[in-house]
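Visitor: Next up is a structure, given as structure tokens.
The values are calculated or read from the model by the stated rules, or taken from the named source; none is laboratory data. What you are looking at is a predicted structure, and each value in this text was computed from that prediction instead of being measured. Here the Cβ is made from the backbone with ideal geometry for all residues, glycine too, and neighbour counts use every protein chain on show.
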Amino acid sequence: MKTDDLAAVLAADAQRVDTASLTRATGLIALAGLAVTSCAILLMFGARADLAVAMATAPVLAKLTLGASVAGFSLVAFQRSLRPGRATVGALWFVMLPLAAVFAWALATLAGQPAGEWAGPILGRSWRACLISVTLYAMLPFAALLALARFGAPVKPRLTGIAAGLGAAGLATVAYALHCPEDALPFIASWYPLAMGISATIGAVAAPRLLRW
């Protein structure tokens, strides 16, 4: 059989790939991951005592907005990375917008206090619990996202892992905000982004090993 004839036969048998399924699956995993992570955190730590009132305060809204926006931008980059030829890095850079906003807000808060008093609002009373919990609970949606990535065709698995790690940490941030009693902006701007960075680093290391073609 000639090469042209073989190509014609293969083309005739080709079926359209439903690339939108990856987008739908990413959204479903994000919703399920948020629900599972929230339930796990509430069962383990419980909700903060004043949650109903605190949900309308600026610090809690800042935590929720930070987590949701980082998750949203990162998951867009993640699902784009599963299809060759789609722009991924540009979408991931948008994560810097909410991070920069919360950093600027925290710095403005610290600027009105003597430098010797900065440790209190930065460390709070539970910085270790926040850092460890957000990082660990982010692994729940992170594992599901990497499992989904195996059904795609990520040509830059490290970037896929970073996006998955950031997205998962964003979801864990929203979930942990239901418990976290710390409302100082310097605390929020320190430990939540650090947990996101650790999760992204885990993704950068793990994804190339788990997503080999």
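Visitor: Which members of the stretch 130-158 meet the condition of being modelled with pLDDT under 95 and farther than 19 Å from A35 by Cα?
Guide: A149, R150, F151, G152, A153, P154, V155, K156, P157, R158
Visitor: Where in the stretch 97-213 are the helices (runs of 4 or more DSSP H), entirely inside, with at least 1 residues that are among the basic types (K, R) and surrounded by 20 or more Cβ atoms within 10 Å (Cβ to Cβ)?
Guide: none
Visitor: Tally time: how many residues in the stretch 23-63 are among the charged types (D, E, K, R) and assigned to a helix (DSSP H, G or I)?
Guide: Counting residues in the stretch 23-63 that are among the charged types (D, E, K, R) and assigned to a helix (DSSP H, G or I) gives 2.
Visitor: Scanning the stretch 36-57 for residues that are surrounded by 13 or more Cβ atoms within 10 Å (Cβ to Cβ) and among the aliphatic types (A, V, I, L, M), which turns out farthest from P141 (Cα to Cα)?
Guide: A54
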